[in-house]
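The values are calculated or read from the model by the stated rules, or taken from the named source; none is laboratory data. Note that the structure is predicted; figures quoted are calculated from it, not measured. Note: ideal-geometry Cβ built from the backbone for every residue, glycine included; neighbour counts use all protein chains shown.
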Amino acid sequence: MQNKNQTLPDTNYIIDNTVYPIGKDSDGVMNTTKELHEVILSIVLEFDRVCRKNNIPYALGFGSALGIHNYQGFIPWDDDADIVFMYEDIERLVAALKRDLDPRFAFDAYETDPRYNVLIPTMKITRVDTYLKEKNWLTLPNKCRKHAGVFVDICAFIGVPENAKEHYKLIKKTKRVMPWYVFIDGILRLQPYRLKKKIKRFEEQVAKQYQSSSSVSQTIIIPWQDWSRDVDRLAFPRKVILPFREYTFEGHRVYSFNNIEEFVRLRYGEKALRKIEDGKWYDPYPLERRKAGHIAAYNLKRAK
């Protein structure tokens, strides 16, 4: 609760000018998250352009939604962005990206390339003139292209059971095939095509079955989603997520969830929301944990 002696600042978000390094690139040049954010923002704005042109709803989600609420932009030390769309728009979105995406960018999806790993977010939009290698590249490789660039994950949201236990049962069905998938795809470096088809059919069945549910969540075929939190934090009331609304993000107008503050509270807990002290907004996230954590190697100015 706000102290009665405190006053709200003129800006209703946190201003953080701290420099957060991401390490040296493949040319030996030190960069910060600020330079990385410029590249990621270009991907977000291109995706926004394509979606607006084709009237396809989308939303910045997860940590990006938290960034909108707390910072009106990126979380300063974050090294990625997340975008959400509704599963029923997948065919229109794929067609729009194939037709309208600027050549400086590329997208990968199972719907256009069966080599795509279906256990990761539904699509990836990449800036082709950059290079990026994730720390988890061994178990979650993207085999659609030889050289990976800086990317943004695009994740489908679907309707899910309103009961958390029933939701978890659906996730467990994917988890049962995950060890075999990872062994074939990540260790043997082969393509489990039949298994991929089975998983994608399962996703489609669930999406159709629960398309009118009052609860929605990211697709149940991403089995990694509940490893760090309870399953009751994975689904959200449809009215919290939809309809998507416009917000300011790094000085641009983009879309995110209908009620971002409630989404953050449900997903990350009350402690993740910005706080005010002595008339200034601050982030309660521990200082020692404010580090970019996904990048193994990169170059923001050229492909490898």
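For ASP113, which of the numbered conditions (1) within 19 Å of the chain's Cα centre (by Cα); (2) outside any helix (DSSP H, G or I) fails to hold?
The single condition ASP113 does not satisfy is (1).
Specify which of the listed residues (ARG253, ARG289) is within 30 Å of GLY28 (Cβ to Cβ), of a type in the set (Lys, Arg) and without any contact (Cβ under 8 Å) to a residue 12 or more places away in the chain.
Working: ARG253 fails: within 30 Å of GLY28 (Cβ to Cβ).
Only one candidate passes the filter, namely ARG289.
Confirm whether ALA106 is under 20 Å from the mean Cα position of the chain (by Cα), in a helix (DSSP H, G or I), farther than 21 Å from GLN209 by Cβ and small (Gly, Ala, Ser).
When the stated conditions are applied, ALA106 does not pass them.
Scanning the range 163-172 for residues that are within 23 Å of the chain's Cα centre (by Cα) and of a type outside the set (Phe, Trp, Tyr), which turns out surrounded by the most Cβ atoms within 10 Å (Cβ to Cβ)?
Within the range 163-172, the first condition is being within 23 Å of the chain's Cα centre (by Cα), and the residues that meet it are 164, 167-168, 170-172.
Within this subset, residues satisfying the condition of being of a type outside the set (Phe, Trp, Tyr) are 164, 167, 170-172.
Values: ALA164: 16, HIS167: 23, LEU170: 21, ILE171: 20, LYS172: 13.
By that ranking, first place goes to HIS167.
Being in a loop (DSSP other than H, G, I, E, B) and either among the aromatic types (Phe, Trp, Tyr) or under 18 Å from ILE75 (Cβ atoms) (or both) is the filter here; which residues of the range 273-289 pass it?
Residues satisfying the conditions are LEU273, ARG274, ASP283, PRO284, TYR285, PRO286.
I'm checking my understanding of the structure. Among residues of the range 116-131 that are part of a strand (DSSP E or B) and either acidic (Asp, Glu) or in contact with a helix residue (DSSP H, G or I) (Cβ under 9 Å, 6 or more places away or on another chain) (or both), which one is surrounded by the fewest Cβ atoms within 10 Å (Cβ to Cβ)?
Within the range 116-131, the match that is surrounded by the fewest Cβ atoms within 10 Å (Cβ to Cβ) is ARG127.
Taking GLN225 as the residue in question, decide whether it is in a helix (DSSP H, G or I) and buried (at least 17 other Cβ atoms within 10 Å of the Cβ).
Spelling it out, GLN225 is indeed in a helix (DSSP H, G or I) and buried (at least 17 other Cβ atoms within 10 Å of the Cβ).
Given the structure, is ILE56 of a type in the set (Val, Ile, Thr) and either free of Cβ contacts under 8 Å to residues at least 12 places away in the same chain or assigned to a loop (DSSP other than H, G, I, E, B) (or both)?
yes
Would you mention how many residues in the range 237-272 are assigned to a loop (DSSP other than H, G, I, E, B), more than 18 Å from SER214 (Cα to Cα) and in contact with a helix residue (DSSP H, G or I) (Cβ under 6 Å, 6 or more places away or on another chain)?
Summing the residues that are assigned to a loop (DSSP other than H, G, I, E, B), more than 18 Å from SER214 (Cα to Cα) and in contact with a helix residue (DSSP H, G or I) (Cβ under 6 Å, 6 or more places away or on another chain) in the range 237-272 gives 1.
Do we have ARG194 as within 20 Å of the chain's Cα centre (by Cα) and of a type in the set (Lys, Arg) here? Show your work before the answer.
Details: within 20 Å of the chain's Cα centre (by Cα): no; of a type in the set (Lys, Arg): yes.
So ARG194 fails the test.
Please give the number of the condition MET123 fails out of (1) at pLDDT below 95; (2) among the hydrophobic types (A, V, I, L, M, F, W, C); (3) under 23 Å from PRO223 (Cβ atoms).
Here MET123 clears every test but (1).
So GLY186 passes all but one of these: (1) outside any helix (DSSP H, G or I); (2) buried (at least 17 other Cβ atoms within 10 Å of the Cβ); (3) of a type in the set (Gly, Ala, Ser). Which condition number does it fail?
For GLY186, the failing item is (1).
Among the residues of the range 1-14 satisfying the criterion of being of a type in the set (A, V, I, L, M) and modelled with pLDDT under 95, which is surrounded by the fewest Cβ atoms within 10 Å (Cβ to Cβ)?
Taking the candidates together, the pick is MET1.
Can you tell me which residues in the range 264-279 are of a type in the set (Asp, Glu) and either free of Cβ contacts under 8 Å to residues at least 24 places away in the same chain or surrounded by 16 or more Cβ atoms within 10 Å (Cβ to Cβ) (or both)?
GLU270, the sole residue that qualifies.
Test of understanding: among GLN211, GLN205, which residue is surrounded by fewer than 17 Cβ atoms within 10 Å (Cβ to Cβ), polar (S, T, N, Q), over 16 Å from the mean Cα position of the chain (by Cα) and not in a helix (DSSP H, G or I)? I'd like the intermediate steps shown before the answer.
Working: GLN205 fails: not in a helix (DSSP H, G or I).
Sole residue among the options that is surrounded by fewer than 17 Cβ atoms within 10 Å (Cβ to Cβ), polar (S, T, N, Q), over 16 Å from the mean Cα position of the chain (by Cα) and not in a helix (DSSP H, G or I): GLN211.
Between residues in the range 82-103 that are over 21 Å from SER213 (Cβ atoms) and of a type in the set (Phe, Trp, Tyr) and residues that are surrounded by 14 or more Cβ atoms within 10 Å (Cβ to Cβ) and at pLDDT below 95, which pairs lie under 6 Å by C-beta distance while being six or more apart or on different chains?
Listed by first residue and then by second, the contacts come to nothing, as the list is empty.
Test PHE74 against the stated conditions and say whether it is assigned to a loop (DSSP other than H, G, I, E, B), within 15 Å of the chain's Cα centre (by Cα) and either under 15 Å from ALA272 (Cα atoms) or of a type outside the set (A, V, I, L, M) (or both).
yes
Given the criteria farther than 29 Å from GLU162 by Cβ, among the hydrophobic types (A, V, I, L, M, F, W, C) and modelled with pLDDT under 90, does LEU190 qualify?
yes
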